[in-house]
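The values are calculated or read from the model by the stated rules, or taken from the named source; none is laboratory data. Small disclaimer: the values here were computed from a predicted structure and weren't measured. Cβ coordinates were reconstructed from backbone atoms using ideal geometry, including for glycine residues, and neighbour counts include every protein chain displayed. Note: areas computed on protein heavy atoms with side chains; ligands, DNA, RNA excluded. Shrake-Rupley method; radii C 1.70, N 1.55, O 1.52, S 1.80 Å.
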Amino acid sequence: MTDSYDSFKKQIHLLTGVDLDSYKENQMKRRLDSLIERNGLKGYQDYICLLKSDKAKIEEFISFMTINVSEFMRNTEQWDYLEKNIIPTLLKSEGIKVWSAACATGDEPYSLVMLLSKFLPLTKVRVFATDIDRQILLKARDGIYSAKSLKGVPREFITRYFKETDPGMYAISEEIKRCVTFREHDLLKDPYPIGCDLILCRNVLIYFTNEAKNRIYSGFSKSLNKGGILFLGNTEQILYPQEFNFTLISSFFYKKQ
Ligand SMILES: C[S@@+](CC[C@H](N)C(=O)[O-])C[C@H]1O[C@@H](n2cnc3c(N)ncnc32)[C@H](O)[C@@H]1O
């Protein structure tokens, strides 16, 4: 693409509210180039004209610019660690406040509810789940999944909380759905909830620049109660956790001091 990426970023910000400055440039440009080509256009400026003339394309842009892939209990060994070593230390009589940030299709918040059901009655389980992508949140609320995304789920949970609706497709039960509140939320600009005991933010930080990541870590630190835990994705690590008042307790788990 020959048009200026800087001017494109400014116009995208005005039109969609998305701050492309905070996303790694090369990775984002590759995705944008393929989106622009897919729409049969030649450059950034043509694409801006399309967005201005067709509002539905704004939703397509937001859905396309990041990858929504998710699965239940992704990296199962980390979920085992969460179950055995983290959740028991966070339990309080009034329940625990949990935020699943950048939750995509909902696999992660629903996995959390199932895990928490081992410790608490479901009436005491509430998970707040957010994502920038309105379309993906509709899917999350529907709660229909392929067998592939359930591969990490223990058999007892499948039997108890899923129903096969079509061959190879499973609907999650209403009692699990009721425990999750989904909301549209941009990690780069919207206010963060406060008083959290546990925050999951997995497989999204890889898209952001270091400067944006640092702002997000600092936001999470303020969101968490003292002793609260931040659970990150497999390839995501905070280089200097103490700068954000965190101590590393085990790979991918950070405790707010
Ligand atoms: C790869 S998915 C991760 C899903 C889930 N956390 C997991 O690990 O399986 C990344 C998600 O980040 C979301 N996302 C990208 N930028 C975001 C932002 N600025 N604020 C909130 N969510 C964002 C995308 O819409 C996408 O659903």
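With the whole protein complex present, Met65 retains an accessible surface near 10 Å², based on a 1.4 Å probe. Taking 1.306 mPa s as the viscosity and 10 °C as the temperature, the Stokes-Einstein diffusion coefficient of segment 5-65 based on its alpha-carbon Kirkwood radius rounds to 138 µm²/s. Quick one: what does P(r) look like for the chain with 10 Å bins over all Cα pairs, in whole %? Cα pair-distance distribution for the chain, in percent: 7, 29, 33, 22, 9, 1.
Shown for the chain: the carbon plus sulfur share of the solvent-accessible area, taken with all protein chains present and a 1.4 angstrom probe, equals 51%. Cα extents for segment 43-108 along the principal axes, largest to smallest and rounded to whole angstrom: 54, 27, 15. Karplus-derived 3J(HN,Hα) values for segment 146-160, using 6.51 cos²θ - 1.76 cosθ + 1.60 with θ = phi - 60°, are 7, 4, 4, 6, 9, 4, x, 8, x, 3, 4, 6, 4, 4, 7 Hz; glycine and proline are entered as x. The Cα-based radius of gyration of segment 102-217, divided by its Kirkwood radius, gives an Rg/Rh of 0.99. Charge tally around Leu138: other residues with Cβ under 15 Å, Lys/Arg +1 each, Asp/Glu -1 each, net -2. Under 5 Å from the amide H of Lys97 lie the amide H atoms of Asp197, Leu198, each residue being 5 or more positions distant or on a separate chain, with H modelled from the backbone and absent for Pro and chain starts.
For Glu59, the accessible area of its heavy atoms, probed at 1.4 Å with every protein chain present, is near 50 square angstrom. Helix 44-53 and the longest principal axis of the Cα set of the chain meet at an angle near 70°. Taking every protein chain into account, the accessible area of segment 1-91 amounts to 53 square angstrom per residue (probe 1.4 Å).
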